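Asker: One structure follows; several queries about it will come next.
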Amino acid sequence: MPEKRLAAVYRAYIDCLNSQDWEKLGTYVWQDVRYNGQMVGLDGYRQAREAEFRAIPDLHFDVRILVADDTTVASRLNFNISPQGTFLGLPVNGRRISFSENVFYEFADGKITNVWSIVDKAAIEAQLSAA
C-alpha cells in the first residue's frame, strides 16, 4: 500500500477512535490484532478502547507526527486529558494531565495487525508531583 494511502487509512482509524464508532473499528483493525506482543484480537482491542473512553471522558487522540511506509505507521500522539481514578497506576483522580504516546503499527491488507505503544509515564508523574 503506498505510503500516502496508509497514512490516510491511519487518520481514518484515529477518527474512528475519536468518534467512538466501534462498529467500524474492524474496518481498520485485523481480527487477530496483537498489542505490545500480546494477542488481544479485535474484540479485546475494542473492549480496551471502550474502557479508556469510559475512564477518560475527554479522551481525544491528537496526531502530532505521522510517518508511514508501505506496511508501517509510526505516530506520536498527544493527550491533554482528565482521567478518573487511577491512570497507568497513578492517582490522577480527574486532574488534567498532558503527555505523549509513541506508537507503531504494522498493517496487512490495509488493516492494523500489530501495535506497539510507549506512553510517557514520567511526564505524568512529574505533573502529579509538581501539584
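Asker: So, in region 46-74, how many residues would count as being touching a helix residue (DSSP H, G or I) at 6+ places or on another chain (Cβ under 7 Å) and within 27 Å of G94 (Cα to Cα)?
Answerer: The number of residues fulfilling the criteria is 7.
Asker: Quick test of your reading of the structure: T72 fulfils all but one of (1) in contact with a Ser or Thr (Cβ under 7 Å, 6 or more places away or on another chain); (2) under 20 Å from K4 (Cα atoms); (3) surrounded by 13 or more Cβ atoms within 10 Å (Cβ to Cβ). Name the failing condition by number.
Answerer: Answer for T72: the failing condition is (1).
Asker: Now a separate question. If you scan region 92-131, which residues turn out to be in contact with a Leu (Cβ under 9 Å, 6 or more places away or on another chain), outside any helix (DSSP H, G or I) and farther than 20 Å from H60 by Cα?
Answerer: Hits for region 92-131 are F107, G110.
Asker: Sort through R46, R34 and tell me the only one that's closer than 15 Å to I118 by Cα and either surrounded by 17 or more Cβ atoms within 10 Å (Cβ to Cβ) or touching a Phe, Trp or Tyr at 6+ places or on another chain (Cβ under 6 Å) (or both).
Answerer: Selected residue: R34, the only one of R46, R34 that is closer than 15 Å to I118 by Cα and either surrounded by 17 or more Cβ atoms within 10 Å (Cβ to Cβ) or touching a Phe, Trp or Tyr at 6+ places or on another chain (Cβ under 6 Å) (or both).
Asker: Next up: Restricting to region 49-99, give me the number of residues that are within 15 Å of I14 (Cα to Cα), without any contact (Cβ under 8 Å) to a residue 60 or more places away in the chain and of a type in the set (G, A, S).
Answerer: Result for region 49-99: 1.
Asker: Sort out which residues of region 35-83 are in a loop (DSSP other than H, G, I, E, B) and within 18 Å of N18 (Cα to Cα), and write them in order of number.
Answerer: Hits for region 35-83 are I56, P57, D58, L59, H60, F61, S82, P83.
Asker: Checking the condition within 25 Å of D32 (Cβ to Cβ) and either exposed (fewer than 15 other Cβ atoms within 10 Å of the Cβ) or in contact with a Lys or Arg (Cβ under 9 Å, 6 or more places away or on another chain) (or both), which residue from N114, N78 passes?
Answerer: The match here is N114.
Asker: Something else about it: Among the residues of region 110-131, which ones are free of Cβ contacts under 8 Å to residues at least 60 places away in the same chain and not hydrophobic (A, V, I, L, M, F, W, C)?
Answerer: Selection gives D120, K121, E125, Q127, S129.
Every number in this text was worked out from the coordinates using simple rules, so none of it is lab data. From a predicted model like this one, the values you see are computed outputs, not experimental measurements. Using ideal geometry, Cβ is built from the backbone for each residue, glycine included, and neighbour counts are taken over all protein chains shown.
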